[in-house]
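Here, each number is a calculation from the coordinates, and none is a lab measurement. It should be emphasised that the depicted structure is a prediction, and the values quoted were computed from it without experimental measurement. Every residue, glycine as well, gets a Cβ built from its backbone with ideal geometry; the counts of neighbours run over all protein chains shown.
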Amino acid sequence: MAQNSSYVTVDGEFDSLEDRSFLTIDDYDLSGQNVILRIDINSSINPENGDLLDDTRIKRHSATVKELSDKYARVIVLAHQSRPGKLDFVNLEKHGERMSQIINKEIKFIDDIYGKEAIKHINNIKDGEIILLDNVRFDDEEIELSKFMNDNFDLQRKSKMVRKLSPQASFFINDAFAASHRCQPSLVGFAEDMPALAGRVMQRELDFLGKAISSGPTPRIAVLGGSKAADSVAIAENFLQKGVEKILTGGVVANIFLIASGVDIGKPSTEFIEKHIPNHETVIRLAKELLKKFKGRIEIPTDVALNIDGKRYGTNVSNLPQEHSLYDIGIDTLVNYINIIEKAGTIIANGPMGVFEDSEFATGTNEVFSAISKSDGMTVVGGGETAMAFNQMGLADGIRHISTGGGACISFMSGETMPALEAMRRSKNKFNK
């Protein structure tokens, strides 16, 4: 499905080194080299006994860990779990045990991050061996030095963790896409001291999200819904500027655009926006500007489903306002959206069409998501709740790429500067001479 792609790796469809803004595992021979690998295996934990309740992220990163070990790299793994003050702020011993089972290789957990014990084990590591250092957020500087200041990463580079570990490795591999919107030492501090390479999870995210927005098969469309309307309006602006042909709106996002188009959506739905959407007036103003600037490229509902005493009642937008809340897109809108989806070459989905948790108002989301899963095009689903919805509906297998990142995926799609990705770009410019 990739366009003009010549650089062959895991999925056989990544850009050439010249075209990419970052380095990858394929660009160096890592055999016999000490590599620091940053992954994101932050998982749901049972606070009573510390058991892992979900190993999805551990499974995703296992492929990178195993590949590096199979290539006889000496793998030093950094990761985090939760944050200070939370009940699930625990060490990574059980994460290591679970990953060891998944890849069928020994992973040695070290109860230390960069002290004498950690350095001793690093000095003794052999080709193909894997050691997992402890939760990086046990280190105060990992929490405190988290701002991207003065357009550089000097604070993070000077942290104890980076100063102690940098001399112990030749390469830094960042596979933690889900944390790449953060600016912490373990994510950005190593990139100026050694080549920073994308791991397989990171590489796949950047490839699919980047292509879907900028260079995937045409026509490129995005389905934006849910209640995080401020994020979605910012995403819509970035997408439209990058050449995404159409935006299909649902949920509170659609309600924002309806208001921006001059429709009175009624007191209950308006009050919801005023109460739950920060700076809603600014968000509505931006939506109004987008409708004017990108005329005909933002699809808003022509009919909606009202919640009347818990029952679905369809009505045309021309019949608004009503004293009842808008809970889903209407049938005419649904037919229009499916028709656009069926003709699309690339589809990005982020957010449901309505209150899909209530079966009475799940039709819009179910049918739109089902149409996306049946598409022959490049289909990309944003992280967080949208990914969960596709999984719950049993539609995930029909999607080309489901993002591992919630906040990170939103930051990327909004076009924000993401510190960890910026550090990787700068590292390529410095070391790929």
Cβ-based charge dipole, the chain, positive-most Cα from 185, 255, 406: 185
Overall form of the range 218-376 per C-alpha gyration tensor (a/c, 1.5; a/b vs b/c): oblate
For the chain: rounded, prolate or oblate by the Cα gyration tensor [a/c cutoff 1.5]: prolate
Beta bridges by DSSP in the chain, antiparallel share as percent, to the nearest 5: 25
The range 218-376 - percent relative contact order, Cα under 8 Å, separation 6 or more: 29
All-pairs alpha carbon distance profile, the range 116-155, 5 Å steps from 0, percent: 5, 18, 17, 16, 15, 14, 12, 3
Under Karplus coefficients 6.51, -1.76 and 1.60, residue-wise ³J(HN,Hα) of the range 243-252 in Hz, glycine/proline x: x, 5, 6, 9, 10, 9, 10, x, x, 5
Listed peptides 413-425, 256-268 by packing density, highest first (mean Cβ within 10 Å): 413-425, 256-268
Where labels lie 7 Å past Cα in the beta-carbon direction, separation of residue 292 and residue 19 in nm: 3.8
Within the range 35-100: Cβ-based charge dipole about Cα centre, in debye rounded to nearest 20 (Lys, Arg +1; Asp, Glu -1): 320
Principal-axis tilt of helix 229-242 within the chain, Cα atoms, nearest 10 degrees: 80
Rounded to 5, the percent of DSSP beta bridges in the range 218-376 classed as antiparallel: 50
With eigenvalues of the C-alpha gyration tensor scaled by 5 and rooted, the range 289-397, Å: 24, 19, 12
